[in-house]
Amino acid sequence: MSRALAIPDIVSPRLILRHLTPDMLRACVDARLAEAAAALGAPLPLDWLEEAAVMSLRLEQMEVEPGYAPWSMRAMLLRETGQLVGHINFHTRPGHPYLAGRGDVELGYTVLPAFRRQGYASEALLACAGWAVQTAGVQRFVLSISPDNQASQALAAKLGFRWLERLEDEEDGPEDVLVADWPFAPRTDD
């Protein structure tokens, strides 16, 4: 498996958001971490395997719709060390019918426990949103967050996302749907 950079990295002040190719995702789903790490150009911790379900989903989406690839899963890597701190992705390409007019794209992310509360999720969200605006003219972003996930709820509010509705997700249970228009209007009150 070679490390192809057909889909360019998104770079922010502290992070490199590197696309996970179908080969990399397959290797991760199959627990071939050394192979995936070599292709990614970064070491992968064992707890990365806990993300296998989302990796499998994004791999299937890319196989069904190859044009989804640039919107798919990206590793969050520290620019200074190359260390993996989490991942971020768009759930679909812009304008997917499941969004039902709520917004143009939905973002999802996970920060590994050792790296939480250091601003990486916020930085990755802003970088991906800026990329989506430049790439496809995206204007409205969606996040779906468990009402119990206080850290992500606070992050969304800080970035200017506002509550739209609560939905019941078949797999994840209740989720608050939050939206924000670009440019985000971050709160500065804390």
Test set (1) assigned to a strand (DSSP E or B); (2) under 17 Å from GLY137 (Cα atoms) - PRO94 fails condition number: (1)
Selected residue (only one of ARG187, ARG162 is exposed (fewer than 15 other Cβ atoms within 10 Å of the Cβ) and in contact with a helix residue (DSSP H, G or I) (Cβ under 7 Å, 6 or more places away or on another chain)): ARG187
Close pairs from the range 110-123: first closer than 15 Å to ILE16 by Cα, partner buried (at least 18 other Cβ atoms within 10 Å of the Cβ) and hydroxyl-bearing (Ser, Thr, Tyr), Cβ under 7 Å, at least 6 apart: VAL111/TYR120; ALA121/TYR109; GLU123/SER12
Positions within the range 109-136 being polar (S, T, N, Q) and not in a helix (DSSP H, G or I), in sequence order: THR110, GLN118
Condition met for ALA127 (small (Gly, Ala, Ser), within 16 Å of the chain's Cα centre (by Cα) and either buried (at least 17 other Cβ atoms within 10 Å of the Cβ) or over 27 Å from THR81 (Cβ atoms) (or both)): yes
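To keep it simple, each residue is scored yes or no on (1) closer than 10 Å to LEU25 by Cβ; (2) not small (Gly, Ala, Ser).
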residue: ALA42; (1), (2): no, no
residue: TRP48; (1), (2): no, yes
residue: VAL54; (1), (2): yes, yes
residue: GLU65; (1), (2): no, yes
residue: PRO70; (1), (2): no, yes
residue: ARG74; (1), (2): no, yes
residue: LEU78; (1), (2): no, yes
residue: THR81; (1), (2): no, yes
residue: LEU84; (1), (2): no, yes
Number of the condition not met by TRP48 [criteria: (1) surrounded by 14 or more Cβ atoms within 10 Å (Cβ to Cβ); (2) in contact with a strand residue (DSSP E or B) (Cβ under 6 Å, 6 or more places away or on another chain)]: (2)
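Condition first: more than 14 Å from PHE90 (Cβ to Cβ) and either acidic (Asp, Glu) or touching a residue at least 12 places away in the same chain (Cβ under 8 Å) (or both). Now tell me which residues in the range 48-75 satisfy that. Step through it out loud before you land on a result.
Kept after step one, since they are more than 14 Å from PHE90 (Cβ to Cβ), are these residues of the range 48-75: 48-53, 55-56, 59-60, 63-64, 66, 75.
Result: TRP48, LEU49, GLU50, GLU51, ALA52, MET55, SER56, LEU59, GLU60, GLU63, ALA75.
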Filtered residue count, the range 51-79, keeping only those that are of a type in the set (D, E, K, R), surrounded by fewer than 18 Cβ atoms within 10 Å (Cβ to Cβ) and closer than 17 Å to ALA127 by Cα: 1
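In the range 29-44, how many residues are in contact (Cβ under 8 Å) with a residue 12 or more places away in the chain and surrounded by 14 or more Cβ atoms within 10 Å (Cβ to Cβ)?
Looking only at that region, the number is 10.
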Members of the range 108-120 found to be crowded, with 16+ Cβ neighbours inside 10 Å and either out of contact with any helix residue (DSSP H, G or I) (no Cβ under 6 Å at 6 or more places or on another chain) or under 11 Å from LEU84 (Cα atoms) (or both), listed by number: GLY108, THR110, VAL111, LEU112, PHE115, TYR120
Which listed residue is more than 21 Å from PRO45 (Cβ to Cβ), in contact with a Gly (Cβ under 9 Å, 6 or more places away or on another chain) and at pLDDT 95 or above, from ARG140, ARG102, ARG116: ARG140
Among residues of the range 91-111, those that are touching a Pro at 6+ places or on another chain (Cβ under 9 Å) and under 19 Å from ILE10 (Cα atoms), counted: 2
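The values are calculated or read from the model by the stated rules, or taken from the named source; none is laboratory data. Just so we're clear, the structure is a prediction, and the values are computed from it rather than from any experiment. Every residue, glycine as well, gets a Cβ built from its backbone with ideal geometry; the counts of neighbours run over all protein chains shown.
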